[in-house]
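Since every read-out is calculated from the coordinates, none of them should be taken as a lab result. Worth saying up front: this structure is predicted, and the values here are computed from it rather than measured. Backbone-built Cβ (ideal geometry, glycine too); neighbour counts: all protein chains shown.
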Amino acid sequence: MIKINIICVGKIKEQYLKDAISEYSKRLSKYCNLNIIELPDKKIPDKTNENIEKQIKDLESKDILLHLPKESYNICLDLKGKEYNSVEFANLLNEISLTNSTITYIIGGSLGFNEQVKNTCNKSICFSKMTFPHQLIRVFLLEQIYRAFKINNNETYHK
């Protein structure tokens, strides 16, 4: 069974998001071993400048890199990444799983992550050119992974 890691920066505070994450995690247990690695975000001061934001991004990125499993196919979620529809995303998951037993998705904090994280990734994907809270993207990602497994197993799922 394939192992899927999701490394994400920041805690989920809202109960409705926790409930959605729990539900999709339960559904995914049929298809994969899911491991969500939640890293603490660094506090962003009210008054910031580029240097402070870079320091925060670098600290969070360093933490991400420390938690990347060896021998994993790494995919970062990035606004500059490639966009996929659900079938294309399912095909990508299927293609990667043919040669890799572990896939790790990376969701950065509110400032994103640095180039070092991007450079360790095999692929960058973008869910939308719109900006969403990183907590909500975690739910989107889990839903799309679940949908991909349903598609790849020729199982029905609402459109």
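Given +1 on the Cβ of Lys and Arg, -1 on the Cβ of Asp and Glu, and no further charges, what dipole in debye does the range 3-152 carry about its Cα centre, rounded to the nearest 20?
That gives a dipole near 240 debye.
When Rg and Dmax of the Cα atoms in Å is calculated directly from the model, which label among (1) 15.6, 51; (2) 17.8, 64; (3) 17.9, 58 fits?
Here Rg and Dmax of the Cα atoms in Å agrees with entry (1).
Could you give the length gained on full extension between residue 116 and residue 98, defined as 0.36 nm per residue of separation minus the Cα-Cα distance, in nm?
The span from residue 116 to residue 98 would gain 3.8 nm if fully extended.
Work out the FRET efficiency for residue 48 and residue 68 from their Cβ-Cβ distance, taking R0 = 30 Å, and round it to the nearest 0.05.
FRET efficiency, residue 48 to residue 68: 0.65.
Hey, what do the phi angles of the range 60-67 turn into as Karplus ³J(HN,Hα) couplings, whole Hz, using 6.51/-1.76/1.60 and θ = phi - 60°, x for Gly and Pro?
Taking θ as phi minus 60°, the curve returns 5, 5, 4, 5, 4, 4, 5, 9 Hz for the range 60-67.
For residue 10, what residues show an amide H to amide H distance below 5 Å, using hydrogens built from the backbone and excluding near sequence neighbours?
39, 41
To check you understand DSSP bridge types, tell me what percent of the beta bridges within the chain (both residues inside) are antiparallel, rounded to 5.
Just about 5 percent of them are antiparallel.
Determine the alpha carbon to alpha carbon distance for each of 54/150; 30/62; 62/123; 57/150 and list only those over 28 Å.
Too far apart for the 28 Å limit: 54/150; 30/62; 57/150.
Within 10 Å, at most 15 other Cβ atoms, and a DSSP state outside H, G, I, E, B define an exposed site. Report the longest part of the chain free of exposed GluC sites (Glu not before Pro).
Counting only loop sites that pass the neighbour cut-off, the longest clear stretch is 72-154.
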